[in-house]
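Participant: The following block contains the structure, expressed as structure tokens.
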Amino acid sequence: MTDLERLVKARELLRDVTPLKHDCGRLCGAACCADPQDGELLGMELFPGEKALYAPQSAWYKLYPAHGSCVLVCTQECPRGERPLACRIFPLVPYVKKGRMLVRVDPCSAPVCPLFAQGKRALDPAFVTAVTQAMTLLWESPVMRDYIQGLTEQIDALTQTL
Ligand code: SF4
Ligand code: SF4
């Protein structure tokens, strides 16, 4: 399986599941899609190679290079079926501990997501399982492992400053 095929499969696993059984966006006005400062729609860093799934130009996003990868910045609400993988797994994130990959609540979600304080156990188990399956699939790829290791280092740096 190629990395692109892994990405497509991971995105597919997360096409319909959401953090809660009902629409959690109603809790918070879809806070993870907007900048808390100015309310502007935000974007997300794409996983390695995910850029290939997006056209260079679109009415609802712009693509920007960032730290050797690519960030998709929304200019309007996305068609849900096209949202990036990072949006599909939020507020969870893959994390490396003692050489093993696990899925945890992303500390970066703390300022915006009301689910952060309740932790992983408050989330729909079907969502947690789907995120774990998707990230386990990516973890088979050396490129994705490097990327997840980088995410882990970013999280560690952030949590040390809290
Ligand atoms: S901020 Fe949290 S609760 Fe709100 S839509 Fe995003 S994931 Fe759901
Ligand atoms: S791609 Fe969609 S889900 Fe992700 S931040 Fe933009 S509007 Fe929100």
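Participant: For residues that are in contact (Cβ under 8 Å) with a residue 60 or more places away in the chain and crowded, with 16+ Cβ neighbours inside 10 Å, scanning just region 102-119, find the one that is farthest from G25 (Cα to Cα).
Facilitator: In this case the residue turns out to be S109.
Participant: Pairs please, first residue from region 134-162 and farther than 12 Å from F47 by Cα, second anywhere and surrounded by 11 or more Cβ atoms within 10 Å (Cβ to Cβ) and of a type in the set (V, I, T), Cβ atoms under 6 Å, 6+ apart in sequence or on different chains.
Facilitator: Between residues of region 134-162 that are farther than 12 Å from F47 by Cα and residues that are surrounded by 11 or more Cβ atoms within 10 Å (Cβ to Cβ) and of a type in the set (V, I, T), the close pairs are Q149/V96; T152/V96.
Participant: Ok, one more. Among the residues of region 13-48, count how many are at pLDDT 85 or above and in a loop (DSSP other than H, G, I, E, B).
Facilitator: Within region 13-48, residues that are at pLDDT 85 or above and in a loop (DSSP other than H, G, I, E, B) number 15.
Participant: Oh, and also: Tell me, please, whether a residue that is away from ligand 1 (no atom under 16 Å from the Cβ), surrounded by fewer than 19 Cβ atoms within 10 Å (Cβ to Cβ) and within 21 Å of L151 (Cα to Cα) can be found in region 75-94.
Facilitator: Checking region 75-94: not a single residue is away from ligand 1 (no atom under 16 Å from the Cβ), surrounded by fewer than 19 Cβ atoms within 10 Å (Cβ to Cβ) and within 21 Å of L151 (Cα to Cα).
Participant: A further question on this structure: Restricting to region 98-148, name every residue that is more than 17 Å from L85 (Cα to Cα) and among the polar types (S, T, N, Q).
Facilitator: Answer for region 98-148, where residues must be more than 17 Å from L85 (Cα to Cα) and among the polar types (S, T, N, Q): just Q118.
Participant: Being more than 21 Å from V143 (Cβ to Cβ), assigned to a loop (DSSP other than H, G, I, E, B) and in contact with a strand residue (DSSP E or B) (Cβ under 8 Å, 6 or more places away or on another chain) is the filter here; which residues of region 50-68 pass it?
Facilitator: P56, W60
Participant: May I pose another question? Which one of the conditions (1) within 14 Å of ligand 1 (Cβ to nearest atom); (2) free of Cβ contacts under 8 Å to residues at least 24 places away in the same chain; (3) among the acidic types (D, E) does D124 fail to meet, given that it meets all the rest?
Facilitator: Condition not satisfied by D124: (2).
Participant: Kindly indicate whether any position in region 96-105 is more than 15 Å from ligand 2 (Cβ to nearest atom) and part of a loop (DSSP other than H, G, I, E, B).
Facilitator: Yes, region 96-105 contains a residue that is more than 15 Å from ligand 2 (Cβ to nearest atom) and part of a loop (DSSP other than H, G, I, E, B).
Participant: If you don't mind, another one. So if I check each of L72, L85, which one is free of Cβ contacts under 8 Å to residues at least 60 places away in the same chain and either within 14 Å of ligand 2 (Cβ to nearest atom) or not charged (D, E, K, R) (or both)?
Facilitator: Result: L72 is the single residue among L72, L85 that is free of Cβ contacts under 8 Å to residues at least 60 places away in the same chain and either within 14 Å of ligand 2 (Cβ to nearest atom) or not charged (D, E, K, R) (or both).
The values are calculated or read from the model by the stated rules, or taken from the named source; none is laboratory data. Quick caveat: nothing in here was measured; it's all calculated off a predicted structure. Don't worry about glycine lacking a Cβ; one is built from the backbone with ideal geometry, like all the others, and counts go over all protein chains shown.
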